Each structure stands twice: as structure tokens, then as C-alpha cells.
Amino acid sequence: MPIEDYAAAAQKIAALLKLLTTTGGLRVKYRITAGAGAQDPDGLEAREIYVEMAGPDAPLMTERGGELLRALEHIAAKVVRLDPEEHDKISFDANNFKALRAREMKLAAETAAGIVRTSGRPYSFAPMSSRERRMLHLVFRDFGDLETESSGEGLRRFVVVYPRGFERARAPR
């Protein structure tokens, strides 16, 4: 179910964060932006609600590749009652972690594109979250001579970059 009332959704997320900061003792301040102002300027996230956090405990959010940020996004999506395929409409960030990660992803994509173009062979990224895989797919849409595909399962899912038209070997069934 899409986010129909941004103000109500933002209030629910604020109540969750207030609980974490008061009862839970999490030392962060937060700002919630909803609607058009929440859109990702790079177009790599489909966010409609953006939560920025800062403070003494903000570094906790970014440890282990932003694991706590992703957990908070998941909980917030449940609080707002979003369908699983719409969870990327809510994005949490701390100390510009995601913005910096997006830049890293773009640089990694450019490097991988150069390797694939030079070698003519596919390039496989390390396993990553579904959101980061989506970011890579979106970055590569601007490279007309290359195509991407996700491979693997679960936590071991990764992105492979191919030269456009590359014959992929078919695995026996």
C-alpha cells in the first residue's frame, strides 16, 4: 500500500524514534523529510520519506555497512504498513553515510565498466544488500554498452556486469 498521508507516516516514524531516543537511550537527533523534498537528488533511491540522524550515537548506525540503518528502515516500513516491495520508499541516513556510499558505488561502477570494456569479460561485484544492488543497476542504465544482472541467493546475492550481447553460459538443469 503506497504512502498516502506523508504527515501521518512521518509522525509514526517520529514516535518510533522518540521511543528509541528516550526509553532506549539512543543519543541522536533526527530530521524527517517527506514528499517531494525527500527525493534522492542522484535518483538512486526511490525514497519518499528521508530520515537524517546525527549525534553521539550516529556512528553506531553506520557500523557493519549500515546494518542498523537498514534495520530501522525495515521497522519504519512496517510501522507505516508498506508492502515489502515498497520498503525502499523510506530511507534512513546518519552522518551522510548513504550519500558517501552512493558515491563509492558510482566509482565502483565506473571502474567495473572500464574493466569489462577493456577485457570484454563479465565483472562480478561482492555480495551486497538489495538496495545497493538496485543502485548499481540504476548507475549502469547510463552505460548503453553494458548490462547487469543479479546472481546468487539470499545474503550472497551480487551484481554481474556484462558487455551488451555477451553470451552467458547456460548452467545444466
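None of the figures in this text is laboratory data; all of them are computed from the coordinates on show. Bear in mind that the values here come from a model prediction, so they are computed numbers and not experimental data. Every residue, glycine as well, gets a Cβ built from its backbone with ideal geometry; the counts of neighbours run over all protein chains shown.
Sorting the segments 153-159, 89-95, 50-56 by their residues' average number of neighbouring beta-carbon atoms within 10 angstrom, most packed first, yields 89-95, 50-56, 153-159.
Altogether, the Stokes-Einstein calculation at 10 °C and 1.306 mPa s, with the Kirkwood radius of region 99-173 over Cα pairs as Rh, returns a diffusion coefficient of 125 µm²/s. Model label sites at PHE166 and LEU20, defined 7 Å from Cα along the beta-carbon direction, differ in position by 3.8 nm. Each Cα pair under 8 Å and six or more residues apart adds its sequence gap; the mean of these over the residue count of region 102-151 is a relative contact order of 38 percent.
Counted over the chain, the DSSP beta bridges are approximately 75% antiparallel. Near GLY120, once Lys and Arg are set to +1 and Asp and Glu to -1 for all other residues with Cβ below 12 Å from its Cβ, the sum equals +1.
Can you give me the Kirkwood hydrodynamic radius for the chain, using every pair of distinct Cα atoms, in Å to one decimal? 17.6 Å is the Kirkwood radius here. Once the chain from HIS74 to ASP142 is taken as fully extended at 0.36 nm per residue, the excess over their C-alpha distance is 21.6 nm. Averaging the sequence gap over all C-alpha pairs within less than 8 Å and six or more residues apart, then dividing by the number of residues, gives the chain a relative contact order of 18 percent. Under a GNM of the chain (C-alpha, springs under 10 Å), which listed residue has the highest mean-square fluctuation: LEU136, LEU20, LEU44? Highest fluctuation among the options: LEU20. Modelled label positions at GLU85 and ALA7, each set 7 Å beyond Cα in the direction of Cβ, lie 3.1 nm from each other.
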